[in-house]
Amino acid sequence: WEKGDGGGGAGGDKWLSDITQKGYEKKRAKLLASYIPHLPNVQLSPSHSADPSPSPEAPGPSTSSASKHHRAHRSGGARDDRYRSDIHTEAVQAALAKHKEEKMALPMPTKRRSAFVQSPIDTCTPPDTSSASEDEGSLRRKAALSAVLAQNLQSPDYWINRSVQSSSTSSSASSTLSHGEPKTQPQPQLQPAASVLADVLAHTRIENSVPPDVTSSTPQERGSRVDLPPAVRGMSRGQSRSSMLDTADGVPVNSRVSTKIQQLLNTLKRPKRPPLSEFFLDDSEEIVEVPQPDPNTPKPEGRQIIPVKGEPLGVVSNWPPALQAALARWGATQAKSPALTALDITGKPLYTLTYGKLWSRSLKLAYTLLNKLGTKTDPVLQPGDRVALVYPNSDPGMFWVAFYGCLLAEVIPVPIEVPLSRQDAGSQQLGFLLGSCGVSLALTSEVCLKGLPKTPNGEIIQFKGWPRMRWVVTDTKYLTKPSKDWQPHIPTANTDTAYIEYKASKEGTVMGVAVSKISMLTHCQALTQACNYCEGETLVNVLDCKKDMGLWHGVLTSVMNRIHTITVPYAVMKACPMSWVQRVHIHKARVALVKCRDLHWAMMAHKDQKDTNLSSIRMLIVADGANPWSVSSCDAFLNVFQSHGLKPEVICPCATSPEALTVAIRRPGARGAPLPARAILSMGGLSHGVIRVNTEDKNSALTVQDVGHIMPGALMCIVKPDGPPQLCKTDEIGEIVINSRAGGTMYYGLPGVTKNTFEVIPVNQAGAPIGEIPFSRTGLLGFVGPGSLVFVVGKIEGLLMVSSRRHNADDLVATALAVEPVKTVYRGRIAVFSVTVFYDERIVIVAEQRPDASEEDSFQWMSRVLQAIDSIHQVGLYCLALVPANTLPKTPLGGIHICETKQNFLEGNLHPCNILMCPHTCVTNMPKPRQKQPVDVGPASMLVGNLVAGKRIAQATGRELGVVEDQDLIRKHQFLSEALQFRAQTDPDHVLYVLLNAKGVAVCTATCAQLHKRAEKITATLMERGGLNTGDNVVLLYPPGIDLIAAFYGCLYAGVIPVTVRPPHPQNLAATLPTVRMIIDVSKAACILTTQPLMRILRSREAAASVNVKTWPTIIDTDDLPRKRPPHIYKPPTAEMLAYLDFSVSTTGMLTGVKMSHAAVSTLCRSIKLQCELYSSRQIAICLDPYCGLGFVLWCLSSVYSGHQSILIPPLELESSLALWLSTLSQYKIRDTFCSYSVMELCTKGLGTQTEMLKARGLNLSCVRSCVVIAEERPRLSLTQSFSKLFKDLGLSSRAVSTAFGSRVNLAICLQGTAGPDPSTVYVDMKSLRHDRVRLVERGAPQSLPLMESGTILPGVRVIIVNPETRGPLGDSHLGEIWVNSPHSASGYYTIYGEESLQADHFNTRLSFGEPHTLWARTGYLGFIKRTELLDASGDRHDALFVVGSLDETLELRGLRYHPIDIETSVSRAHRSIAESAVFTWTNLLVVVAELSGSEQEALDLVPLVTNVVLEEHHLIVGVVVIVDPGVIPINSRGEKQRMHLRDSFLADQLDPIYVAYNM
């Protein structure tokens, strides 16, 4: 389906938009047919050639024509070859087929259309525009959500219906399309497609619970019922499933999201792989589960291995004393003999370098390096200096000359890759190598130099991380002929370093392996002996000649033996894969040096070549033959080319390592002798590090070929890869270590790492060293087989240790490739690595996605890779990501740069276009959930226990309110309305209020008399026009200002109850007006006082769109009232009468109104006056919303009571003039100011960078003594601290900023006044906090949470910490609910139906024991009290109250109590593009919503990072990650997140998310 047969070549998902129902079904069946392993028309070919003779009867390879056909349709890929194994493909298909009985639908991620990143390849699917096919009107979603997702296939129910279809009992019921047709009309053409898809999604068993059928609005006839988790209330089990689900709060929910969550829950019901073994859990300390060792784990049983000796290295009389001497000899005696032939891009010979030319040019270069770069007295290079060689693969001649020129000059060549760009992944790491080797000079060719990136003035740029380099061009025309008397110095080979070969470690650092002159020579001799090289032979080399086998055979050993090397660069292979085979044929080459990919490519392209003959080859050296997956390439190549003269015994795999050079190589066999046997090993055994011949389960077998015997003159052992180098047993896999004169000597410039690698002395079982001789670690894992043959099963750097089992990255790549990747994976490019999360390694697979792969295909492939790896390797994947084609970082030869990919993954720079996380399935070491202790122990005995243990009861008290002396004062203080009249008479011209506009100009002021008069005008109007009775409720709808205050006192004068309401936002009526309407309705308001502009809005057409505007109560505008005085001013008969109602929306989305009596108002004002020392000569500045809570009290009430002047700054004005609040503080020299978190955040974010400018404008905050943030939440320490730090330069005292705390039941509990000690900060252990315990730790301790005291407790307030379940008081090391007793608590909720129980519970509650008579109000907040070392005003030790969070908001997960803000803090730290985040739970799944501030292509980067950080820091597995646009998380006026609103919008599918990932 590569051409895309529905919608032309444009790709596979165009057809989603414009195809009829019937056509759709047919198309679908056809498309999915190719997925299904068991359908007859896609029968897989029987295995061929790769059959590694499991039984002695079938030694020869069996061919089959089907297999050739099967191969032909595969796209050749850069990498897919290395691991192609038909046996393995069948094993994988078989394993997948096993899953067929257990059907499972994974919920597919939801993706906004624009989040499909256009990949660098142009052929990209056009974005889908229509939202559903034309005849699907009944299922079409609202146009607003028309960004249809490619996988939605007309509407989500299709996918869901199909996927669960085969798990239901009556399949015809689910296959009818639920348009309400009777079930007697099955649709025959739909059946195959449906069952096919069900097979494809077959994953695991749904335990008889089908996800809710969300498509039908008619009652269903099917018998199976949905098991909803207990959290979903209001849904009876047998009730018909309708297309609306009720969430726990009774919010109707559009079905798509909740269905996917239901699917996810079903998926998660399946048991995890390892059974969780029992273990002891200390209650206070969550420990990670350590699984007990499984008794059935295979253990090695053999004897201890004996070191294996290689054949002795022969001594040949004419071997040169040094490699340069060989070149000198051939240059003089065999000058015409060809040394090197290079090919052009088309595969034709470009030039041939003779031994004479090679010698003369190398001499010239050596002479130039030593004599022409500096002056005679001050040469640039000395013998022994290191020099970088920077040459492209396509120019081997220049490289040869440079390499031998350096050897002749006795400087040390360091060949490196050509850096591509300043930021290039590999070149940064090369900087480390050049630095550790002390390189400052680079040799290169003129052509290469031209191609390097330059600065604007033409110099070569300074590459990132590189030392400063001098570049020298070595083309012949720039070299100087040596003078007559100059001769190079060619000493006999010694232990000095000859050259340095680079090597990248698993972590990505590039180190240099130094090879001494004697090692280089000995290695060439050993290779000559092992490979039986003869003088004058021809060798074809396809490998990179800068390092490894390409250098050892193709540059060094070849020159020693006067071999003619034909080099086939990588670029030629890409253009013409057969070129190397043709060269062998044309030159009758005796030896060819290749990798598996070259075998694979040649085989793919061979059909054009009829006349190639490979009979001249005596040795086909397979450089990566140590990779276990090379077997099938070798077999398949032989299979194709045996008929072209290739002899089976010439294939010679070998094993190499940068440290030990060649480790082992297979010698060519005798003609007709039997080929060496293969080992068929059990993958399960391998994962435990033991060798077990696989007999039972063919699916999880690994076939390994030997890599021959070890090198002449070497000694080899196998030691344990981790811990001390203990010798392995004979049936144990370990690291191969080698002792040989022909290996590397050290990592240049890194003595520490060198010791651990090059100087290893193996020890025996007892731990005693087995001898004196040091061995070098090779980084290869393997064992010694029969006849001392060496077998390699993997590399240390590809090792993934998961739950103490070893898995090999290459094996996982092979399995993933065997899952039909043709439709999904681009050129077989797959990277596998592990990341450490939550005390174990977790496996991540990243693959490049083909540009034409459909969303459905990709998701399909991902879910099948999960199954395949699960059943073959018995290991869970943590994350599977697909990135756009060509976007993974590349190594110089085009492979995938693994550690760079891992780095990108961890930093969030991978930009996947598809991702599937499976933390639920693979994280098996979670601590056990906490079981809540049954409350058998009575609270009283707990109290006694606490006292015995020396813990005091957690309670704290503000200072006394004191007695009011003077009669006259009592009258003034009894009612606020009287206080205003009193002030208007005694001090009429005292200015109480000043209102500022955005420019900082006082637009309005009010003296005591003016305020009183304005209130009277409003009272008169109310009495005339309102038709009100005493005690009626009146809504005040005003912008922040003095009108609001006048209207408030006008209501008090008239004897009606004011209710202040935030006016609707004119630009956002749809969202804000319903809240206004709701408060008006709930409060049964008889009348609305407002301004003219707002009155027009209330009656406007726009308003009518969201509320019924015909039923407003009487609306009175108070802008131009006649000057009238009311006949009398109302005085309440008792102070217990209501003064006003305070309405507010809590963060959980509850609208609550509380009743404030006149007595409560007076004592509250008095308490604030005492705490803040307010009196009439004082000035304070307020920048708060004046509609509820303490903000309202400070704005409207406090000044009238205490007589101080309030400067009012509406927070909205800050949006147009950020510095307004701070410049007001400076200009008026304000000592005390009150603000909200939103204001503080605006200043911190908006002005943080401008402090210098503000200082220059003369802004000075040194006058500010207290700046109190008014809030009903845990103090936001990071915000207050950064505010203090930022504005310290403007004179703000570090002690000024503090917070207040209030709640619905009591508007002001804490307020940092002037008298108390500074608020203290403590660090508590988060793990204990989840257990409701408070354990103080040092600052910087792991898992510590800084908390700031919420301010000094107000006068007259008592606070106690109570267990919310038992209602008994707690000791001070416990977290509990804060209960408060105070004369200014509210007198109850304003309820219409008089739900007395709720009221009594919250407002007049008694402790279950202790002090049974005191009445307490429950704040609904959790906190604790700590007695500090500080002293309060009366000289006693100060008790600090710490608020941790709202009880309603806490998440109960795994038996522990979590506060959303803590998880959100972690989430926001996870990636630079997360602007804000919010978490909530739904059916016990943790849902994280993150706002993405970066570009949409980063959206999917956030999913693994969010999952990692929550797992690491909170030991929780995230169930759903939702990525949304900035500003989607709703925030109330106090700057608090409305998480419940968010939850309802998410479940009702109204967020328009960029991406929703359902973690498995």
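The values are calculated or read from the model by the stated rules, or taken from the named source; none is laboratory data. Owing to the predicted nature of the structure, the values given are computational and were not obtained by experimental measurement. We place every Cβ from the backbone using ideal geometry, glycine too, and count neighbours over all the protein chains shown. In case anyone asks, the SASA skips ligands and DNA or RNA and just uses the protein heavy atoms, side chains included. Shrake-Rupley method; radii C 1.70, N 1.55, O 1.52, S 1.80 Å.
If the requirement is being open to solvent by 30 Å² or more (accessible area, probe 1.4 Å) and β-branched (Val, Ile, Thr), which of these qualifies: Val693, Val650, Val663? Being open to solvent by 30 Å² or more (accessible area, probe 1.4 Å) and β-branched (Val, Ile, Thr) holds for just one of Val693, Val650, Val663, which is Val693.
Note on segment 393-473: enclosed strands (runs of 3 or more DSSP E) holding 3 or more residues that are open to solvent by less than 10 Å² (accessible area, probe 1.4 Å) are 412-416, 441-444. State whether the residues of segment 1249-1262 include one that is farther than 14 Å from Met1348 by Cα, outside any helix (DSSP H, G or I), of a type in the set (Gly, Ala, Ser) and open to solvent by 10 Å² or more (accessible area, probe 1.4 Å). Scanning segment 1249-1262, I find at least one residue that is farther than 14 Å from Met1348 by Cα, outside any helix (DSSP H, G or I), of a type in the set (Gly, Ala, Ser) and open to solvent by 10 Å² or more (accessible area, probe 1.4 Å), so the answer is yes. Taking into account only those residues within segment 1475-1487 that are at pLDDT 95 or above, among the hydrophobic types (A, V, I, L, M, F, W, C) and in contact with an Asp or Glu (Cβ under 8 Å, 6 or more places away or on another chain), which is farthest from Gln263 (Cα to Cα)? Looking at the filtered set, the residue picked out is Ala1478.
Residues that are of a type in the set (Asp, Glu) and in contact (Cβ under 8 Å) with a residue 24 or more places away in the chain are absent from segment 366-383 altogether.
For segment 1270-1296, filtered to residues that are open to solvent by 70 Å² or more (accessible area, probe 1.4 Å) and in a helix (DSSP H, G or I), the residue that is farthest from Gly1535 (Cα to Cα) is Asp1289. Do we find that Lys450 is at pLDDT 90 or above and closer than 25 Å to Asn371 by Cβ in this structure? For Lys450, the condition - at pLDDT 90 or above and closer than 25 Å to Asn371 by Cβ - is not met. Only residues that are open to solvent by 60 Å² or more (accessible area, probe 1.4 Å) and either farther than 17 Å from Ala326 by Cβ or modelled with pLDDT under 90 (or both) were counted across segment 480-516, and they come to 7.
Let's see how each residue does on (1) modelled with pLDDT of 90 or more; (2) part of a loop (DSSP other than H, G, I, E, B); (3) within 21 Å of the chain's Cα centre (by Cα):
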{"site": "Leu1502", "(1), (2), (3)": "yes, no, yes"}
{"site": "Glu1513", "(1), (2), (3)": "yes, no, yes"}
{"site": "Leu1516", "(1), (2), (3)": "yes, yes, yes"}
{"site": "Ser1533", "(1), (2), (3)": "no, yes, no"}
{"site": "Asp1544", "(1), (2), (3)": "yes, no, no"}
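Taking the stated definitions as given, is Lys336 modelled with pLDDT under 95, out of contact with any helix residue (DSSP H, G or I) (no Cβ under 6 Å at 6 or more places or on another chain) and open to solvent by 20 Å² or more (accessible area, probe 1.4 Å)? Here the answer is no, as Lys336 does not meet what is asked. Of all residues in segment 1049-1070, those satisfying the criterion of being more than 22 Å from Ile1097 (Cα to Cα) and outside any loop (DSSP other than H, G, I, E, B) are Tyr1049, Gly1050, Cys1051, Leu1052, Tyr1053, Ala1054, Ile1057. Residue pairs whose Cβ atoms lie under 7 Å apart, sitting 6 or more positions apart in sequence or on different chains, and linking a residue in segment 565-588 that is farther than 17 Å from His600 by Cβ to a partner that is in a helix (DSSP H, G or I), are Thr565/Gly554; Thr565/Ser558; Ile566/Arg583; Ile566/His587; Thr567/Pro396; Thr567/Gly554. No other residue among Leu1218, Leu1225, Leu1242 is under 40 Å from the mean Cα position of the chain (by Cα) and either polar (S, T, N, Q) or in a helix (DSSP H, G or I) (or both) apart from Leu1242. Of all residues in segment 1031-1068, those satisfying the criterion of being under 48 Å from the mean Cα position of the chain (by Cα), touching a residue at least 12 places away in the same chain (Cβ under 8 Å) and open to solvent by 20 Å² or more (accessible area, probe 1.4 Å) are Pro1039, Pro1040, Arg1062, Pro1063, Pro1066. Restricted to strands (runs of 3 or more DSSP E) entirely inside segment 583-696, those with at least 3 residues that are aliphatic (A, V, I, L, M) are 591-594, 619-622, 661-665, 679-682.
Here Pro889 does not qualify as open to solvent by 10 Å² or more (accessible area, probe 1.4 Å), of a type outside the set (Gly, Ala, Ser) and within 30 Å of Ser1328 (Cα to Cα). For segment 608-639, what are the residues that are free of Cβ contacts under 8 Å to residues at least 40 places away in the same chain and either buried (at least 17 other Cβ atoms within 10 Å of the Cβ) or not acidic (Asp, Glu) (or both)? Correct list: Gln609, Lys610, Thr612, Asn613, Leu614, Ser615, Ser616, Ile617, Leu620, Val622, Phe637. Scanning segment 834-867 for residues being touching a residue at least 60 places away in the same chain (Cβ under 8 Å), surrounded by fewer than 24 Cβ atoms within 10 Å (Cβ to Cβ), part of a strand (DSSP E or B) and not charged (D, E, K, R) gives a total of 3.
Considering Gly458, Gly465, Gly451, the condition of being touching a residue at least 24 places away in the same chain (Cβ under 8 Å) and at positive phi is satisfied by Gly465 alone.
If the condition is being under 26 Å from Thr89 (Cβ atoms) and in contact with a His (Cβ under 8 Å, 6 or more places away or on another chain), then segment 776-821 contributes Leu799, Leu800, Arg805, Arg806, His807, Asp811, Leu812, Ala814, Thr815, Ala818. Considered as a group, the residues in segment 666-690 that are among the charged types (D, E, K, R) and either crowded, with 20+ Cβ neighbours inside 10 Å or under 43 Å from the mean Cα position of the chain (by Cα) (or both) include one that is farthest from Met520 (Cα to Cα), and that residue is Arg678. Checking each residue of segment 707-714 against the condition of being open to solvent by 20 Å² or more (accessible area, probe 1.4 Å), farther than 26 Å from Ser516 by Cα and either basic (Lys, Arg) or not in a strand (DSSP E or B) (or both) gives no match. When Pro774, Pro769, Pro751 are screened for being free of Cβ contacts under 8 Å to residues at least 60 places away in the same chain and in contact with an Asp or Glu (Cβ under 7 Å, 6 or more places away or on another chain), only Pro774 passes.
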